[in-house]
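Q: Below is a structure I'd like to ask you about.
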Amino acid sequence: MSAQIIDEPGEYGIDWGGYLFGIRGGASLGTQDWSSFETEVNLGYHGDLFLESIPAEGRFGFWGLLGYHQRGSRLKRQRAFTFQGNPVILPADDFVFNNLSVAVGGKQVVSYFGTADLYYIIGVRAEYNLSTNLGNYDQLASYGGFIRNAYPFDSYEFINRFTYGATVGGGAVVALTEGIGGFIELTAQPDFSFQYKQGPINNVIDPYGGGNTTIGERAIRNFTVELSIGLRLLRKWRYID
């Protein structure tokens, strides 16, 4: 039984109508390129509610979703030292941005493989930042201004509330019953805009070499790979003359 072909007599849009809806969620692997930091993949999570159109001839449809997505990265090196050589205890080991995401796009079935339909998706996203964990790094001020200034600031002067990007990927959907399907999906989600943009900070006292120094510009984009599982339900009705 194909998960995409709806077994309903008559012509869709004339004799009957409907849509698909459901929930999805899973793990997020986020990366960012922070100047002056060595970072690695950060494990987060995401969850969405979505709608899909009935696929034309069981092949192509449109989709939209609304959900919560974590973006960010993890510090590779978690040790720092003051000018006197004392260790600095970092209050966190990651940079996390909690975003509300809205996305729309298209979905194309490319193969019917046994009981599973294989598909790919492509779409565009707009996101709104709800919160971050950057405020944790304010505790570093107790070690001196230079140590604190070396880490990103919890300020919407630098954090961009709104970001946008693309979603591309693919997956497999399986019909569980006549009106319910399950799926697994892998997507890549690059951002086109900056999540954090901070200009250079001049005339910062350098405790290591004496005199003043400049903390360089930071312009950071998110890139996230998401692995999702979900349930898709069918809502349909018949038109009566």
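The values are calculated or read from the model by the stated rules, or taken from the named source; none is laboratory data. This structure is a prediction, so every number in the text was calculated from the model and none was measured. In this analysis, Cβ positions are derived from the backbone assuming ideal geometry, glycine residues included, and neighbour counts consider all displayed protein chains.
Q: What tally of residues in segment 105-127 results from selecting those that are surrounded by 13 or more Cβ atoms within 10 Å (Cβ to Cβ) and either within 15 Å of the chain's Cα centre (by Cα) or of a type in the set (Phe, Trp, Tyr) (or both)?
A: Residues in segment 105-127 being surrounded by 13 or more Cβ atoms within 10 Å (Cβ to Cβ) and either within 15 Å of the chain's Cα centre (by Cα) or of a type in the set (Phe, Trp, Tyr) (or both): 9 in total.
Q: Then there is this: From the residues in segment 113-155 that are in contact with a strand residue (DSSP E or B) (Cβ under 8 Å, 6 or more places away or on another chain) and aromatic (Phe, Trp, Tyr), which one is nearest to Leu100 (Cα to Cα)?
A: The residue in question is Tyr128.
Q: Quickly run through segment 218-241 and pick out the residues that are at pLDDT 70 or above, among the basic types (Lys, Arg) and in a strand (DSSP E or B).
A: Arg218, Arg232, Arg235, Lys236
Q: Right, here's the next one. In segment 27-46, what count of residues is obtained for those that are surrounded by fewer than 17 Cβ atoms within 10 Å (Cβ to Cβ), part of a strand (DSSP E or B) and either on the phi > 0 side of the Ramachandran plot or modelled with pLDDT of 95 or more (or both)?
A: Of the residues in segment 27-46, 4 are surrounded by fewer than 17 Cβ atoms within 10 Å (Cβ to Cβ), part of a strand (DSSP E or B) and either on the phi > 0 side of the Ramachandran plot or modelled with pLDDT of 95 or more (or both).
Q: Please work out which one of (1) assigned to a strand (DSSP E or B); (2) small (Gly, Ala, Ser); (3) modelled with pLDDT of 95 or more; (4) surrounded by fewer than 18 Cβ atoms within 10 Å (Cβ to Cβ) is the condition Ala172 fails and give its number.
A: Just one mismatch for Ala172, condition (4).
Q: Now a separate question. Limited to segment 191-217, what total is found for residues that are closer than 22 Å to Asn133 by Cβ and modelled with pLDDT of 85 or more?
A: The number of residues fulfilling the criteria is 7.
Q: In segment 61-97, which residue that is out of contact with any Phe, Trp or Tyr (no Cβ under 7 Å at 6 or more places or on another chain), within 18 Å of Thr39 (Cα to Cα) and at pLDDT 95 or above is surrounded by the most Cβ atoms within 10 Å (Cβ to Cβ)?
A: This residue is Phe97.
Q: Does segment 177-194 contain any residue that is among the acidic types (Asp, Glu) and not in a strand (DSSP E or B)?
A: yes
Q: Considering every residue within segment 148-161, establish whether at least one is at pLDDT below 95, part of a strand (DSSP E or B) and over 19 Å from Val41 (Cα atoms).
A: no
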